[in-house]
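Colleague: The structure that follows is given in the form of structure tokens.
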Amino acid sequence: MRRLTAWVHGHVQGVGFRWWVRSRALELGLAGSATNYADGRVLVIAEGETAELEKLLTLLREQPSTAARPGEVTVVVESYSEPKGESGFAER
């Protein structure tokens with residue numbers, strides 16, 4: 001188990017991006033949250049198996065944006081750490 005912290009930059013607010021992240025994370029069996037920040041970024045926290053976290057990261061970075069992923073991601077900055085025991089997946 002690991003914890004992914006990913007700062008997503010681009011046009012990712014007001015387009016259903018957090019809902020999309022939540023849906024993909026739950027499909028992958030991950031727990032965590034997707035949170036809007038005032039500067040336009042979205043912070044994605046996800047905990048689970050490393051392989052599933054990598055799949056989520058790949059989906060976040062996928063270029064060009066598919067019709068399935070709302071918004072436009074320009075860069076994703078990620079880091080990994082020990083899990084903190086997240087449960088469920090929240091949109092904030």
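The values are calculated or read from the model by the stated rules, or taken from the named source; none is laboratory data. This structure is a prediction, so every number in the text was calculated from the model and none was measured. We place every Cβ from the backbone using ideal geometry, glycine too, and count neighbours over all the protein chains shown. Surface areas here come from the heavy atoms of the whole protein model, side chains and all, with no ligands, DNA or RNA. Shrake-Rupley method; radii C 1.70, N 1.55, O 1.52, S 1.80 Å.
Colleague: Note down the nm distance, to one decimal, between modelled labels 7 Å out along Cα→Cβ at E91 and at M1.
Modeller: The answer from the label model is 2.6 nm.
Colleague: Excluding ligands, DNA and RNA, what is the solvent-accessible area per residue of the chain at a probe of 1.4 Å, expressed in Å²?
Modeller: 53
Colleague: How about the stretch 8-92: which GluC sites (Glu not before Pro) there are in a DSSP loop, with at most 15 other Cβ atoms within 10 Å of their Cβ?
Modeller: Values: sites: E27, E47, E49, E52, E54, E62, E72, E78, E86, E91; in loops: E49, E62, E86.
Those satisfying the criteria are E49, E62.
Colleague: Which translational diffusion coefficient, to the nearest whole µm²/s, is obtained for the stretch 1-47 from the Stokes-Einstein equation, given a Kirkwood hydrodynamic radius over C-alpha pairs, 20 °C and 1.002 mPa s?
Modeller: On the way: Rh = 10.8 Å.
It diffuses with D of about 198 µm²/s by this estimate.
Colleague: Ignoring ligands, DNA and RNA, what percent of the accessible area of the chain is carbon or sulfur (1.4 Å)?
Modeller: Carbon and sulfur: 51 percent of the exposed surface of the chain.
Colleague: In addition: Report, in degrees rounded to the nearest 10, the 0 to 90 angle that the Cα long axis of helix 50-61 makes with the longest principal axis of the chain.
Modeller: Once rounded, the angle reads 10 degrees.
Colleague: Inverting the mean 1/r over all pairs of different Cα atoms, compute the Kirkwood radius of the chain and quote it in Å.
Modeller: This gives a value of 12.8 Å.
Colleague: Which ³J(HN,Hα) values in Hz, rounded to whole numbers, follow from the phi angles of the stretch 70-80 under the Karplus curve 6.51 cos²θ - 1.76 cosθ + 1.60, where θ = phi - 60° and Gly and Pro get x?
Modeller: x, x, 9, 8, 9, 7, 10, 10, 10, 8, 10
Colleague: How far is helix 17-27 tilted, in degrees, relative to the longest principal axis of the Cα atoms in the chain, given as a value from 0 to 90 rounded to the nearest 10?
Modeller: Once rounded, one gets 30 degrees.
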